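Chemist: Handing you a structure now.
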Amino acid sequence: MSNVPILDTLNKTIKSPPPIWFMRQAGRYLPEYKEIRKLTGGFIELCLNPQMACEVTMQPIKRFNLNAAIVFSDILLVTLALGYKLKFIEGQGPVISPIETEKDITSFNEDKFHTRIKNVYETINRLKEILPKEIPVIGFAGSPWTVAAYMLEGGSSRDYTKIKIWAFTRTKSFQLLIDLLIDATIAYLDKQISAGVQIIQLFDSWAGIAPESIFRKAIIEPTKKIVKQIKSLHPSIKIIGFARGAGAMIRDYASYTGIDAVGLDSTIPLSIASELQNIIPVQGNLDPIALLVGGSALKTETNRIMQSLSSGPFIFNLGHGILPNTPVNNVIELIKQVRS
Ligand code: 1CP
């Protein structure tokens, strides 16, 4: 036992109560986040301001005493570090200079990459200084597939047609982009770990749009490469893989990528979640809407999850990020229920 509950769970020890943290635990549902957000100009400016990003990371820790702090940043900053133009437009979301042909795929310049994103490492340094030992910092990156989706589409998309067309027909160019993102992700995570994160989460938010053949080539294989390389550089690092929407592919994702724990979205049946616990610890998977509505729906859903999963290695989380209109009191009630 390490006195760090979430690390114990990641080492397959069963904890009661289970450790708990939330995806998007810092964000617009917190009035103190909205205050800071008003002070810093844009969202990217906030992510790249170590003092402010550190403060925002700490907000949910101070309020709820969660079992991990996730560094405040965004998966798309990696595109900025690679030299692409990135903006977040109020009410619309991210806009990236799109990749239209193979010529738009840059080669990886590691020095320039780190220079552009070094403030994130500085945020991690600061967090390490102020957090108590039992609350580790979670670092993260988007997976190559999900980041490639934003780069090829130029932002969010309804149907992600472009990335699939590339994956099916422009296989060489597509692989070049995935390989660039594998290199960038490894370099980025390596530096986050050196700065002090003890846990990594790989966000594969758009795993759910990939048919099986593409899932194997563009999700499982790159994840496996990243995990292998990061673990050879940092043998004690723990890696959580979150392949949202993976459905029946979640078994192979959990079994063949080398990750230490698997994050589950809310559609994964609890019977399957509990089978997965025989392979690796699981994290999840309360529907964010259940947290938004609160009351008896929240209690019943939380109960089902606790009954099914708390007898195995388990980290309580949502199946996706906290929604902006979520009442803070519902979060308090949920944590009380999980910890009682
Ligand atoms: O103005 C604001 O406050 C912007 C809202 C916001 C926030 C709070 C965005 C824009 N990103 C974030 C923070 C963020 N994003 C974190 C911080 C740490 C924490 O969890 O508290 C993390 C881990 C992310 C990761 C992220 N960004 C993902 C993966 C998780 C997921 O939600 O699936 C994705 C897909 C993004 C892209 C992104 N960032 C923001 C927007 C609007 C989008 C696009 C979302 C979409 O395409 O639907």
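Chemist: Within the range 5-339, what percent of beta bridges assigned by DSSP are antiparallel, to the nearest 5?
Modeler: Details: 5 of 29 bridges.
Just about 15 percent of them are antiparallel.
Chemist: Moving on. Return one whole number: the accessible area per residue of the chain in Å², for a 1.4 Å probe.
Modeler: Details: 14450 Å² over 340 residues.
Dividing the accessible area of the chain by its residue count gives 42 Å².
Chemist: On the principal axes of its Cα set, how long, how wide and how thick is the chain? Give whole Å, largest value first.
Modeler: Ordered largest first, the chain gives principal extents of 56, 45, 38 Å.
Chemist: Taking 0.36 nm per residue of separation and subtracting the Cα-Cα distance, what length does fully extending E129 through S173 add?
Modeler: 11.6 nm
Chemist: Starting from the Cα of T13, step 7 Å along the direction of its Cβ; do the same at I332; then give the gap between the two resulting points in nm.
Modeler: Placing both labels 7 Å along Cα→Cβ, they lie 3.1 nm apart.
Chemist: May I ask you to list the trypsin sites (Lys or Arg not before Pro) in the range 1-35 that are in a DSSP loop and have at most 14 other Cβ atoms within 10 Å of their Cβ?
Modeler: Taking the range 1-35 and a limit of 14 other Cβ atoms within 10 Å, the loop trypsin sites (Lys or Arg not before Pro) found are K12, R28.
Chemist: At 222 nm, what value in deg cm²/dmol follows for the chain if DSSP H runs of at least 4 each add -39500 (n - 2.57) and the sum is divided by all its residues, to the nearest 500?
Modeler: After summing the helix terms and dividing by residue count, I get -14500 deg cm²/dmol.
Chemist: Also: Express in % the proportion of alpha carbon pairs of the range 211-291 at distances exceeding 22 Å.
Modeler: I get 25 percent for the Cα pairs in the range 211-291 exceeding 22 Å.
Chemist: How far, in nm, would the chain grow between K62 and D159 when pulled straight, counting 0.36 nm per residue and subtracting the alpha carbon separation? Spell out each step's value before the answer.
Modeler: Working: separation 97, 0.36 × 97 = 34.92 nm, distance 3.87 nm.
Separation in residues times 0.36 nm, less the Cα-Cα distance, equals 31.1 nm.
Chemist: Find, among the GluC sites (Glu not before Pro) in the range 52-112, those assigned to loop by DSSP (not H, G, I, E, B) with at most 14 other beta-carbon atoms within 10 angstrom.
Modeler: Within the range 52-112, the qualifying GluC sites (Glu not before Pro) (loop, at most 14 other Cβ atoms within 10 Å) are E90, E100.
Chemist: Now, a different point. With springs only between Cα atoms under 10 Å apart, run a GNM on the chain and tell me which of I259, I280, I237 wobbles the most.
Modeler: Answer for the Gaussian network model of the chain: I237.
Chemist: Something else now. In the range 59-88, whose amide N lies under 11 Å from the spot 7 Å out along Cα-to-Cβ of Q51? List them in ranges.
Modeler: none
Chemist: Taking the range 115-159, which trypsin sites (Lys or Arg not before Pro) meet the DSSP loop condition and have no more than 11 other C-beta atoms within 10 Å?
Modeler: Within the range 115-159, the qualifying trypsin sites (Lys or Arg not before Pro) (loop, at most 11 other Cβ atoms within 10 Å) are K133, R158.
Chemist: Next question. For K118 and S213 in one chain, what is 0.36 nm times their gap in residues minus the Cα-Cα distance, to one decimal in nm?
Modeler: Full extension of this stretch gives 30.6 nm more.
The values are calculated or read from the model by the stated rules, or taken from the named source; none is laboratory data. Bear in mind that the values here come from a model prediction, so they are computed numbers and not experimental data. Virtual Cβ from ideal backbone geometry, glycine too; neighbours counted across all protein chains shown. These area figures cover heavy atoms from the full protein model, side chains too; ligands, DNA and RNA do not enter into them. Shrake-Rupley method; radii C 1.70, N 1.55, O 1.52, S 1.80 Å.
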